[in-house]
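Written out below as structure tokens is the structure these notes cover.
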Amino acid sequence: MTEQEVIRHYYSGLVGWLELRTSAHGVRSISFIPQPEVPKTSRTSAIMERLTDELDRYFEGNLTRFTVPLDPASGTPFQRVVWHGLTEIPYGETRSYAEVASAVGHPAAARAVGSANRNNDIPILIPCHRVIKADGTLGGYASGLKIKKTLLELEGIVT
């Protein structure tokens, strides 16, 4: 695989169909989709194989921290700082938008954290589902609250 090539793979798991994209450097994106355009992928890579293995183990409840490398295709410097901060939220725990803002050194940027979450192209691995409102309610989730709730319940978080 050349540096610019992206491999696309369709994966079915606990939250339905996912379109996975990887580069030679890591995971580029994970998208929730209604159903795949093509049920199989003609090519694979070590990163894609590692990603699907880790997703299998996560959805089985046997993985609490992803180790596959990430290679987001977009993101401002602030968004990338927030995304890194999200990866530091432990499995089975949540943080409020304000807590994430403080943790990444921008205590007045809770709304900007919400915007960074909406622009996260690698959900699940960058666990934006672990960010909730300060009052303990779920708040929003770009792919729907049902998926957010399912992911939190998988991690033992009662909502």
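The values are calculated or read from the model by the stated rules, or taken from the named source; none is laboratory data. Predicted, not measured: the structure shown is a model, and the values here were computed from it. A quick note on method: Cβ atoms are made from the backbone with ideal geometry, for glycine too, and the neighbour counts reach across all protein chains shown.
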Quiz item: Which one of these is of a type outside the set (K, R), farther than 27 Å from Y11 by Cα and not assigned by TED's automatic domain parsing to the domain that holds L20: P72, P107?
Solution: P107
Quiz item: Quick check: is even one residue across region 60-83 in contact with a helix residue (DSSP H, G or I) (Cβ under 6 Å, 6 or more places away or on another chain) and either at pLDDT below 95 or of a type in the set (F, W, Y) (or both)?
Solution: yes
Practice problem: Considering only residues that are without any contact (Cβ under 8 Å) to a residue 24 or more places away in the chain and surrounded by 15 or more Cβ atoms within 10 Å (Cβ to Cβ), look in region 146-155 and name the one that is nearest to D121 (Cα to Cα). | Solution: K148
Practice problem: Taking the residues in region 81-127 that are more than 26 Å from I47 (Cβ to Cβ) and of a type in the set (S, T, N, Q) as candidates, determine which candidate is surrounded by the fewest Cβ atoms within 10 Å (Cβ to Cβ). | Solution: S115
Quiz item: Does region 72-93 include one or more residues that are under 22 Å from L138 (Cβ atoms), among the charged types (D, E, K, R) and more than 13 Å from the chain's Cα centre (by Cα)?
Solution: yes
Quiz prompt | Residue that is farthest from E54 (Cα to Cα) [pool: residues in region 125-156 that are at pLDDT 95 or above and in a loop (DSSP other than H, G, I, E, B)] | solution = G156
Quiz item: Got a number for residues in region 50-80 being of a type in the set (A, V, I, L, M, F, W, C) and crowded, with 16+ Cβ neighbours inside 10 Å?
Solution: 6
